[in-house]
Each structure stands twice: as C-alpha cells, then as structure tokens.
Amino acid sequence: MDKYTLLPEQLLYEGTITERQFFTAEPLSEAAILRTHTQEYWSKLQHGTLSRKEERAIGFPMRPELIARGRVIAQGTLDCARYARRDGVALNVAGGTHHSFAGRGEGFCVFNDIAIAANELLHTGEVGKVLIVDLDVHQGNGTAKLFAEEPRVFTFSMHGARNYPTRKERSDLDIGLPDGTGDTVYLDILYRHLPQLLDGVQPDLVFYLSGVDVLETDKLGRLAMTLQGCKERDRFVLQSCLDRQLPVAIAMGGGYSERLATIIEAHANTYRVAASLYG
C-alpha cells in the first residue's frame, strides 16, 4: 500500500511532474456503480453483508474505508479518461482492479474501475468504441466477463498463462505467456499484436492497465522481464497510441516485488515515458 504515497512523492522529487498536474477525484456516484455492478452486490457492500467466502475471494475483510477508497479510485479512472480525451494521456496512481465482476469482487478488487469508466463514457455518448489493453501479469478476468457481450468494448489481455486466476475468462484477445517469458519474447509479441489491434478496432479511447508484476523480481508474476523491458513495453504502448492520436487512460495495476524501491521505479517509468512523449 505504501507505493500509492511514495510514487507521487518520487515523481515530484525528480521533477517528472508538478503539483499542478495532480487532480483529486470525488467518490464515484451510485448511478455509475450500478451501470457495471449489480444492485445486490452494491447493497452487500453498503450494508457490510458480504459472506466470509465472498470476503476471502476479495482477499481482505471489507470495511467502509475500503469501499470509499474504491469509489474514489474508480472515479479517478473515469476522470483520467476524460482528461486523456482532452490532453492525450492521463494516469491514475491506483486502479486497474480488473478481477472484479458485476456481482462479486476477487483478487484484491472490489469495483472494476476500468469497466466502470468505459460503461459510463459509453452511456453518456462521450465515446462509441473502447479498447482495453491489459498488460498486468494476471488475466483481466472480471473485465473480460463484463464485456463478453458488449461489441463496443474490445478486451485484450496479455498475461501469465499459468498464473492467477486459475479459471480464465475469454477476452476478445487473450495471449497467455509461459513462466519465465523475458523481454525479447514478450516485446516481440506485443510489437506484432498491438498495432494490428489499434488499427483494426479504431477505438475512441484506449484504457491501458500497466501492471509491473511482469518483472522477474515480482513475488507473484512468474515472468522474467527487466525494468528496462517493462519501460519499453510502456513506451511502445504509448507511442503507438500517440502515433494514431488515440487518447489513453492509464491505471497502475499490480506490482509485488520484494523491494518497494523496485515497484516504485517500475511504476515511475510509466510516468516518465508519458512525460517524455506528451511533453
């Protein structure tokens, strides 16, 4: 949890961003929550009536503070999407809670922030087509399920094939990678597939989940990417979107390396790349 405080501090200290570039999100509205999540699930969260089994699936005991935090994170991703449509790119220091389904949470995810943002923008008519590029090491199973019948949202997940979740859902495009996949193979696959997706889908907006649990140092990742390889991944995604004038909203996703400094450095690289490309 410390990374959410330390990451912006590091970015300010090194001058990658300035205070005026920050924004603070308000809690997400109930109406926006219910465009993605079921009334039953929302009521359980509100009244603290999740079962022990449901809480275990999420991964921690549910408290009002966590629900409030989730609402702010989800609104932050929605705000990022709107800023990205104006400025080209925007980043949420948190977010990427892609294991949350319509009626349940999983894997430390209560609300599905990217799904909420996409559904809200489709509802208001601000966008007509969305591409979700999920490069967290874990498949975006909740996101895949939520948009399985939604032709206006294309879901792309590139993840560890043998990693969590054990039961995968079907994204519009899934690429499962074997344990130990390193920079060269990973990036070659991304180089081949992402441009085709951007040109084929022709989205009005791209959501990018930039999890850094792809690193070789990650306790949960099982892949073997270096910090430089992860940074090149981010550069290629953002450059590809910029070349096509596609706005991109970024959520940080997971990162579980032993050394907190490694996690901060990897996440900071995403911001550094964005700052260098978008000026």
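The values are calculated or read from the model by the stated rules, or taken from the named source; none is laboratory data. None of the values given here were measured: they were computed from a predicted structure. So basically every Cβ, Gly included, is an ideal-geometry build from the backbone, and we count neighbours across all protein chains shown. Quick note on the areas: whole protein, heavy atoms, side chains included, nothing else; ligands and nucleic acids left out. Shrake-Rupley method; radii C 1.70, N 1.55, O 1.52, S 1.80 Å.
Here are the numbers for this structure:
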| item | result |
| --- | --- |
| Subset of region 239-277 that is farther than 23 Å from L6 by Cβ and assigned to a helix (DSSP H, G or I) - its residue that is nearest to the chain's Cα centre (by Cα) | C241 |
| All positions within region 40-77 that are touching a strand residue (DSSP E or B) at 6+ places or on another chain (Cβ under 8 Å) and farther than 21 Å from N141 by Cα | G76 |
| Close pairs from region 59-80: first open to solvent by less than 50 Å² (accessible area, probe 1.4 Å), partner outside any helix (DSSP H, G or I) and of a type in the set (S, T, N, Q), Cβ under 6 Å, at least 6 apart | G76/N92; T77/N92; C80/N92 |
| Candidates G255, G279, filtered to the one that is small (G, A, S) and within 20 Å of T16 (Cα to Cα) | G279 |
| Odd one out for Q46, checked against (1) farther than 20 Å from N119 by Cα; (2) open to solvent by 60 Å² or more (accessible area, probe 1.4 Å); (3) assigned to a loop (DSSP other than H, G, I, E, B); (4) not charged (D, E, K, R) | (3) |
| Elements of type helices (runs of 4 or more DSSP H) in region 113-208, at least 3 residues being modelled with pLDDT of 95 or more and surrounded by fewer than 19 Cβ atoms within 10 Å (Cβ to Cβ) | 183-201 |
| One residue from A90, A25, A31 being among the aliphatic types (A, V, I, L, M) and either in a helix (DSSP H, G or I) or more than 27 Å from Q245 (Cβ to Cβ) (or both) | A31 |
| Evaluation of S51 against (1) modelled with pLDDT of 95 or more; (2) open to solvent by less than 90 Å² (accessible area, probe 1.4 Å); (3) over 19 Å from G103 (Cβ atoms) (one fails), failing number | (3) |
| Qualifying residue in region 220-227 (condition: open to solvent by 10 Å² or more (accessible area, probe 1.4 Å) and part of a helix (DSSP H, G or I)) | yes |
